[in-house]
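Here's the structure, in structure tokens; my notes come after.
The values are calculated or read from the model by the stated rules, or taken from the named source; none is laboratory data. Everything numeric in this text was worked out from a predicted model, so none of it was measured. Cβ atoms come from the backbone with ideal geometry, glycine included; neighbour counts cover every protein chain shown. Quick note on the areas: whole protein, heavy atoms, side chains included, nothing else; ligands and nucleic acids left out. Shrake-Rupley method; radii C 1.70, N 1.55, O 1.52, S 1.80 Å.
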Amino acid sequence: MKIRKKPRPDWDEYFIGIAKAVAARATCLRRKYGAVITKDNIIVSTGYNGAPAGMKDCLEVGKCTRKELQIPHGERYELCHSVHAEANAIIRASVDELWGATIYIAGSDLACSECLSEPCMMCKRMILNSRIVKVVYSDGKNGFKVIDPKKWLKKRV
């Protein structure tokens with residue numbers, strides 16, 4: 001009897017899985033996101049969404065202002081004091097590590113369902129400014145999307 005082995009995951013599958021594990025550390029009451037930055041298939045930084053260092057997070061406080069005000073996902077970020085996973089991963093890496101790197105982003109909602117993890121506009125700008133050249137994020141359906149962040153730039157007329 002021949003035993004079929006499952007093929008090894010490719011690098012994108014592997015690192016998006018690690019981003020999902022990193023998200024477990026998030027302190028947001030609405031959604032949990034994790035980010036992993038790699039260069040040459042080596043992890044250089046990770047980050048998850050949560051309060052800035054030294055501040056009480058939503059888990060400790062026991063409330064979410066945006067949730068209480070019924071603000072839809074993706075709106076009014078200024079009312080949230082958490083730092084996004086992408087930002088946390090970027091600020092923990094050096095310029096040399098970021099130049100030409102890949103960022104993997106994965107998230108889940110309160111029901112632990114995977115959700116679309118495309119970066120917000122603020123994080124897109126940080127990714128572009130950091131010179132990351134590849135973005136891989138959960139598509140919300142147990143898959144992922146791969147994008148060149150330069151495609152976010154709009155041509156000026």
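Could you give the dipole magnitude of the range 49-98 about its Cα centre, charging the beta-carbon of Lys and Arg +1 and that of Asp and Glu -1, in debye to the nearest 20? Let's see the in-between values first.
Details: 6 positive and 8 negative charges, 55 e Å.
Dipole of the range 49-98, to the nearest 20 debye: 260 debye.
The alpha carbons of the chain occupy a box of 57, 51, 33 Å along the principal axes, longest dimension given first.
Of ALA51, ALA106, ALA23, the residue with the greatest mean-square motion in the GNM of the chain, using alpha carbon springs below 10 Å, is ALA51. Proximity of backbone amide H atoms, modeled 1.01 Å from N, is registered between SER45 and ILE37 at under 5 Å, excluding neighbours fewer than 5 places apart on the same chain. Positive end of the dipole of the chain (Cβ unit charges, origin at the Cα centre): among GLN70, THR102, TYR33, the Cα lying farthest that way belongs to THR102. Backbone geometry of the range 98-114 corresponds, through the Karplus equation with coefficients 6.51, -1.76 and 1.60 at θ = phi - 60°, to 3J(HN,Hα) couplings of 6, 4, x, 7, 10, 10, 10, 9, 9, x, 9, 9, 4, 7, 6, 8, 4 Hz, x marking Gly and Pro.
Estimated from helices alone, the mean residue ellipticity of the chain at 222 nm is -6500 deg cm²/dmol (sum of -39500 (n - 2.57) over DSSP H runs with n ≥ 4, per residue). Amide H contacts of PHE144: ASP139, each under 5 Å away and 5 or more positions distant or on a separate chain (H built 1.01 Å from N in the peptide plane; Pro and chain starts excluded).
To the nearest 20 debye, what charge dipole does the range 109-157 have about its Cα centre, counting +1 at the Cβ of each Lys and Arg and -1 at the Cβ of each Asp and Glu? Kindly include the intermediate steps, with their values, before the conclusion.
Numbers: 11 positive and 5 negative charges, 116 e Å.
In debye, rounded to 20, the range 109-157 gives about 560.
Considering only the chain, what is the antiparallel percent among its DSSP beta bridges, to the nearest 5? Mind dumping the intermediate values first?
Values: 22 of 26 bridges.
That works out to approximately 85 percent antiparallel.
Counting only lysines at least 8 places from LYS134 when in the same chain, those with an alpha carbon closer than 17 Å to its own are LYS39, LYS124, LYS145, LYS150, LYS151. Hey, if you put +1 on the Cβ of every Lys and Arg and -1 on every Asp and Glu Cβ in the range 7-157, which of ALA21, GLY47, PRO149 ends up farthest toward the positive end of that dipole? Sorting the options by dipole projection puts first PRO149.
Accessible area per residue of the chain at 1.4 Å probe, in Å²? Present the calculation step by step, with values, prior to reporting the outcome.
Numbers: 10290 Å² over 157 residues.
That works out to 66 Å² per residue.
The dipole here belongs to the range 1-142: it is taken about the Cα centre, uses +1 on the Cβ of Lys and Arg and -1 on the Cβ of Asp and Glu, and is about 440 debye. Entry note: the range 45-93 has Rg to Rh equal to 1.00, where both radii use alpha-carbon atoms and Rh is the Kirkwood radius.
At a 1.4 Å probe radius, carbon and sulfur cover how many percent of the accessible area of the range 1-126?
Working: 4360 of 7840 Å².
Carbon and sulfur: 56 percent of the exposed surface of the range 1-126.
Figure legend: label point modelled 7 angstrom from the Cα of LYS5 along Cα→Cβ; residues of the range 11-49 with amide N under 20 Å from it are 11-15.
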